[in-house]
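Written out below as structure tokens is the structure these notes cover.
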Amino acid sequence: MTTLDNLFTPGLVAAQQPQWPGGVEGEAVKAAVATLSKLPPLVFAGECDNLKARIAQAQEGKAFWLQGGDCAETFVAATADSIRNRIKTILQMAAVLQYFASLPVIKVGRMAGQFAKPRSNNDETRDGVTLPAYRGDAVNDLAFTLEARTPNPERLVQVYNTSSATLNLVRAFTQGGFADLRQVHTWNKGFANDPRFGARYEEMANEISRALAFMESAGVDPESFKSVDFYSSHEALILEYERPLTRIDSRTNLPYDVSAHFLWIGERTRQMDGAHMDFAAKIQNPIGIKLGPKTTPEDALAMIAKLNPSNEPGRLTFITRMGAGAIREKLPPLLKAINDSGAKVLWVCDPMHGNTFETSTGYKTRRFDDVMDEVRGFFESHKAVGTHPGGVHIELTGDDVTECLGGGEQISEADLANRYESACDPRLNHTQSLELSFLVAEMLRDR
Ligand code: PEP
Ligand code: MN
């Protein structure tokens with residue numbers, strides 16, 4: 001029988017872990033781990049299997065993956081309004097993609113667990129004062145004081161509680177009628193008057209309503225439009241959070257990380273001999289790996305051998321984040337090598353993380369045009385090699401923030417100061433997200 005005691009290989013190096021006071025073997029971390037290991041699962045193993053089956057369809061080009069949410073969720077932003085706006089944005093984007101491309105869309109939130117961040121530097125210095133870098137609400141607080149920045153393992157339990165509350169609302173919104181396709185008109189509130197998308201979205205909503213009425217008249221049960229599947233995901237970064245939430249599934253006797261449906265390993269923690277890859281190899285969830293521009297075909301093939309030796313459909317997703325300037329050169333050789341190997345992977349484009357820069361005024365930002373250019377390069381690369389452009393992974397929010405430059409609203413560098421709220425990387429706002437979905441829908445339709 002599989003047990004959790006000897007599941008993970010001991011002694012491996014885990015990159016990007018917090019410097020907990022008292023160390024990882026200290027009493028405070030042990031207490032948090034003990035608490036987490038007794039709490040109920042946030043998701044069910046069977047739901048993870050359902051998602052895997054849907055990813056398997058997307059690997060065949062029969063579905064499209066839409067994953068979106070904050071770079072870093074925060075405890076204070078886990079409000080009903082903020083959660084609802086994010087879900088609504090993802091549902092609107094999914095409706096646009098599904099309608100124009102006639103493909104089912106797999107809806108995945110970067111939410112209900114996305115609370116930990118890898119950082120380029122351990123410390124941050126401001127005006128001569130050096131403190132530990134902010135590593136996400138799972139670890140410390142964004143405020144620049146020693147107390148706030150000192151890692152506190154009790155936060156791991158708060159991550160669980162906040163994720164649980166978020167997921168409860170996600171489930172209520174997506175199962176309770178809010179996501180009913182017949183509501184597609186009411187989701188439009190807030191940008192109905194937007195000169196660029198209001199009319200286009202309204203037109204689409206009218207068409208969808210007519211199609212639904214037709215289906216109803218043909219005998220399709222209208223209740224079947226009422227709920228949608230919505231999955232949770234985050235970067236599996238803090239192993240003292242993910243390991244105690246790994247459980248043996250009673251149906252299959254196999255281990256699943258029940259903190260989210262889908263977990264990914266970041267660009268900075270995917271060392272082949274590291275603890276994160278060992279973790280990913282041992283759990284049964286569908287998993288993602290971020291691939292930056294330095295990834296070679298040999299690297300990618302080695303990851304496949306480690307993470308999916310049996311070539312199980314739906315198990316492995318590669319999330320590429322090459323940068324707009326590099327994708328057309330770097331992606332095709334990977335696509336070709338993996339396609340030639342016969343390995344089943346879902347290719348997802350993260351057009352955010354290779355396109356970040358800092359303005360002279362000190363804001364971390366991204367240009368909407370660079371984001372779109374990377375997505376275009378992604379579609380072009382797949383077309384050239386003959387593989388499926390499987391989805392997109394977007395840092396977004398449902399609120400009208402000013403964090404990324406450009407888009408139809410033409411957000412300028414001077415505008416960034418108006419409403420810059422991200423605790424980490426800049427997100428597309430609601431309108432920019434919708435705009436992206438219309439543009440991606442065109443690419444998908446013409447692929
Ligand atoms: C992220 O997704 O927020 C992230 C840190 O990405 P990457 O691992 O690709 O740098
Ligand atoms: Mn990010």
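The values are calculated or read from the model by the stated rules, or taken from the named source; none is laboratory data. Bear in mind the structure is a predicted one, so any value in this text is a computation, not a measurement. So basically every Cβ, Gly included, is an ideal-geometry build from the backbone, and we count neighbours across all protein chains shown.
Answer with yes or no whether Val43 is over 15 Å from Ala165 (Cβ atoms) and modelled with pLDDT of 95 or more.
Judged against the criteria, Val43 is not a match.
Here is a list of conditions, (1) crowded, with 16+ Cβ neighbours inside 10 Å; (2) away from ligand 2 (no atom under 16 Å from the Cβ), and Thr296 meets all of them except one; can you say which number that is?
It fails just one condition, (1).
Just the residues that are within 16 Å of ligand 1 (Cβ to nearest atom) and within 14 Å of Val345 (Cα to Cα), please, taken from segment 370-391.
Taking segment 370-391 first, the residues within 16 Å of ligand 1 (Cβ to nearest atom) are 370-371, 374-375, 378, 391.
Across segment 370-391, the qualifying residue is only Gly391.
Only one of Gln17, Gln57, Gln98 is closer than 25 Å to Ala138 by Cβ and either crowded, with 23+ Cβ neighbours inside 10 Å or more than 16 Å from ligand 2 (Cβ to nearest atom) (or both); which?
Gln17
Considering only segment 411-440, how many residues are more than 16 Å from ligand 1 (Cβ to nearest atom), buried (at least 21 other Cβ atoms within 10 Å of the Cβ) and not hydroxyl-bearing (Ser, Thr, Tyr)?
Count: 9.
If you scan segment 412-440, which residues turn out to be modelled with pLDDT of 95 or more, more than 16 Å from ligand 2 (Cβ to nearest atom) and either over 15 Å from Phe368 (Cα atoms) or in contact with a Ser or Thr (Cβ under 6 Å, 6 or more places away or on another chain) (or both)?
Passing the criteria: Glu413, Ala414, Asp415, Leu416, Ala417, Asn418, Arg419.
Does Thr89 meet the test of being outside any loop (DSSP other than H, G, I, E, B), more than 16 Å from the chain's Cα centre (by Cα) and either touching a residue at least 24 places away in the same chain (Cβ under 8 Å) or surrounded by 19 or more Cβ atoms within 10 Å (Cβ to Cβ) (or both)?
no
Do we have Asn6 as in a helix (DSSP H, G or I) and out of contact with any Gly (no Cβ under 9 Å at 6 or more places or on another chain) here?
no
Would you check which residues across segment 236-267 are among the hydrophobic types (A, V, I, L, M, F, W, C) and either within 21 Å of Trp20 (Cα to Cα) or not in a loop (DSSP other than H, G, I, E, B) (or both) and list them? Show your work before the answer.
Residues of segment 236-267 among the hydrophobic types (A, V, I, L, M, F, W, C): 236-239, 245, 248, 254, 258, 260, 262-265.
Once the filter is applied, which keeps residues that are among the hydrophobic types (A, V, I, L, M, F, W, C) and either within 21 Å of Trp20 (Cα to Cα) or not in a loop (DSSP other than H, G, I, E, B) (or both), segment 236-267 yields Ala236, Leu237, Ile238, Leu239, Leu245, Ile248, Phe262, Leu263, Trp264, Ile265.
Restricting to segment 33-68, name every residue that is part of a loop (DSSP other than H, G, I, E, B) and either in contact with a helix residue (DSSP H, G or I) (Cβ under 8 Å, 6 or more places away or on another chain) or among the acidic types (Asp, Glu) (or both).
Those that are part of a loop (DSSP other than H, G, I, E, B) and either in contact with a helix residue (DSSP H, G or I) (Cβ under 8 Å, 6 or more places away or on another chain) or among the acidic types (Asp, Glu) (or both): Leu39, Leu42, Val43, Glu60, Ala63.
Would you be able to tell me the number of residues in segment 348-380 that are more than 16 Å from ligand 2 (Cβ to nearest atom), over 22 Å from Glu435 (Cα atoms) and in contact with a Leu (Cβ under 9 Å, 6 or more places away or on another chain)?
2
Residues of segment 416-441 being of a type in the set (Gly, Ala, Ser) and under 12 Å from Ile394 (Cα atoms), which ones?
Matches in segment 416-441: Ser433, Ser437.
Any residue that is within 22 Å of Gly288 (Cα to Cα) and buried (at least 19 other Cβ atoms within 10 Å of the Cβ) - is there at least one of those in segment 75-83?
no
Report, by residue number, each residue of segment 392-410 that is out of contact with any His (no Cβ under 9 Å at 6 or more places or on another chain), more than 16 Å from ligand 1 (Cβ to nearest atom) and touching a residue at least 40 places away in the same chain (Cβ under 8 Å).
The answer is Leu405, Gly408.
Residues checked against (1) within 18 Å of the chain's Cα centre (by Cα); (2) more than 16 Å from ligand 1 (Cβ to nearest atom); (3) buried (at least 20 other Cβ atoms within 10 Å of the Cβ); (4) not hydrophobic (A, V, I, L, M, F, W, C):
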position: Asp221; (1), (2), (3), (4): no, yes, no, yes
position: Lys226; (1), (2), (3), (4): no, yes, no, yes
position: Phe230; (1), (2), (3), (4): yes, yes, yes, no
position: Ser233; (1), (2), (3), (4): yes, no, yes, yes
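Does segment 268-293 hold any residues that are buried (at least 20 other Cβ atoms within 10 Å of the Cβ) and either assigned to a loop (DSSP other than H, G, I, E, B) or within 13 Å of ligand 1 (Cβ to nearest atom) (or both), and which are they?
Thr269, Arg270, His276, Ile283, Asn285, Pro286, Gly288, Ile289, Lys290, Leu291 - these are the residues of segment 268-293 that are buried (at least 20 other Cβ atoms within 10 Å of the Cβ) and either assigned to a loop (DSSP other than H, G, I, E, B) or within 13 Å of ligand 1 (Cβ to nearest atom) (or both).
Going by the structure shown, is Asn285 within 15 Å of the chain's Cα centre (by Cα) and more than 16 Å from ligand 2 (Cβ to nearest atom)?
Numbers: within 15 Å of the chain's Cα centre (by Cα): yes; more than 16 Å from ligand 2 (Cβ to nearest atom): yes.
Yes.
Pairs only if they're at least six apart or on different chains, beta carbon under 7 angstrom, first in segment 350-379 and closer than 17 Å to Glu267 by Cα, second more than 16 Å from ligand 1 (Cβ to nearest atom) and aliphatic (A, V, I, L, M); list them, first residue then second.
Short answer, once both residue conditions are applied: none.
Name the residues in segment 114-172 that are within 16 Å of ligand 2 (Cβ to nearest atom) and under 17 Å from His234 (Cα atoms), would you? Working first, answer last.
Kept after step one, since they are within 16 Å of ligand 2 (Cβ to nearest atom), are these residues of segment 114-172: 114-121, 133-139, 142.
Passing the criteria: Gln114, Phe115, Ala116, Lys117, Pro118, Arg119, Arg135, Gly136, Asp137, Ala138, Val139.
Residues that are surrounded by 16 or more Cβ atoms within 10 Å (Cβ to Cβ): which strands (runs of 3 or more DSSP E) entirely in segment 313-370 hold 2 or more of them?
Numbers: elements: 316-320, 346-349, 356-358, 364-366.
Answer list for segment 313-370: 316-320, 346-349, 364-366.
Identify all residues within segment 385-400 that are at pLDDT 95 or above and not small (Gly, Ala, Ser); write none if there are none.
Of everything in segment 385-400, those that are at pLDDT 95 or above and not small (Gly, Ala, Ser) turn out to be Val385, Thr387, His388, Pro389, Val392, His393, Ile394, Glu395, Leu396, Thr397.
Being part of a loop (DSSP other than H, G, I, E, B) and under 30 Å from Lys336 (Cβ atoms) is the filter here, so list the residues in segment 386-427 that pass it.
Gly386, Thr387, His388, Pro389, Gly390
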